[in-house]
């Protein structure tokens, strides 16, 4: 993971990427929307836009919001309303949203040839839904802003993060019943809002299929 973040940091320091421009302004120019401006009850902690990570500095520069295509943003707002209806003190916390392809390429270069390729979409095959502003990484926080236990941290590359093995993980004691139920709650509100899950990351949700994204949405370069 440290290698990955270092490579991402290098990507954003390269001439020509456009760090002199405001990334918020760039994403807005593509028609993406800042979800926090649409619903201030959401919480945002872009993991790669703060120095609170393993390399000690931001790797997303000049960005202040979590940006999504309006179609995905509206689904996220619906998920937030569904969560609030069940647990008024809870809120969705966004870890990552729209992601430029330059970052995707850097991430792929780290995992290529390893057993971690399931966790990163291959840019040669069009990348993933983050690269269209049609995917979001989220968790649930309580009234104090503390994330609920989910059994594995964000960006954890291991079976504890898998969504298709949770019964076995629970039975073996690798995740707690609290984490098991919290994941079920998160998936319930996200699915009801129109999102799709993936097998390897409990935090990742797609607003459409890859085929739909390639046909109907613009790739973020």
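The values are calculated or read from the model by the stated rules, or taken from the named source; none is laboratory data. Quick caveat: nothing in here was measured; it's all calculated off a predicted structure. Note: ideal-geometry Cβ built from the backbone for every residue, glycine included; neighbour counts use all protein chains shown.
Evaluate the following for residue 160: is it out of contact with any helix residue (DSSP H, G or I) (no Cβ under 9 Å at 6 or more places or on another chain), part of a helix (DSSP H, G or I) and modelled with pLDDT of 95 or more? No; evaluated as a whole, the condition is false for this residue.
Only one residue in 73, 85 is surrounded by 14 or more Cβ atoms within 10 Å (Cβ to Cβ) and either over 27 Å from residue 149 (Cβ atoms) or modelled with pLDDT of 95 or more (or both). Which one? Can you show your working first?
Values: 85 fails: surrounded by 14 or more Cβ atoms within 10 Å (Cβ to Cβ).
From the options 73, 85, the qualifying one is 73.
Taken over region 19-41, the criterion of being in a helix (DSSP H, G or I) and modelled with pLDDT of 90 or more is satisfied by 27, 28, 29, 35, 36, 37, 38.
Note on region 88-113: residues that are farther than 24 Å from residue 63 by Cα, modelled with pLDDT under 90 and surrounded by fewer than 16 Cβ atoms within 10 Å (Cβ to Cβ) amount to 2.
Within region 172-184, is even one residue buried (at least 16 other Cβ atoms within 10 Å of the Cβ), in a loop (DSSP other than H, G, I, E, B), in contact with a helix residue (DSSP H, G or I) (Cβ under 7 Å, 6 or more places away or on another chain) and at negative phi?
Yes - at least one qualifying residue is present in region 172-184.
If the condition is being within 21 Å of residue 47 (Cα to Cα) and more than 13 Å from the chain's Cα centre (by Cα), then region 80-99 contributes 80, 90, 91. Might you let me know whether region 207-217 holds any residue that is in a helix (DSSP H, G or I) and buried (at least 21 other Cβ atoms within 10 Å of the Cβ)? Yes, that holds for at least one residue. Selection of region 198-221 for residues being under 17 Å from residue 74 (Cα atoms), free of Cβ contacts under 8 Å to residues at least 60 places away in the same chain and touching a strand residue (DSSP E or B) at 6+ places or on another chain (Cβ under 8 Å) yields only 209.
Selection within region 185-196: residues that are surrounded by 18 or more Cβ atoms within 10 Å (Cβ to Cβ) and outside any helix (DSSP H, G or I). The member of this set that is nearest to the chain's Cα centre (by Cα) is 195.
What number of residues within region 67-125 satisfy the criterion of being assigned to a loop (DSSP other than H, G, I, E, B), in contact (Cβ under 8 Å) with a residue 60 or more places away in the chain and closer than 19 Å to residue 202 by Cα? Residues flagged as assigned to a loop (DSSP other than H, G, I, E, B), in contact (Cβ under 8 Å) with a residue 60 or more places away in the chain and closer than 19 Å to residue 202 by Cα within region 67-125 amount to 3.
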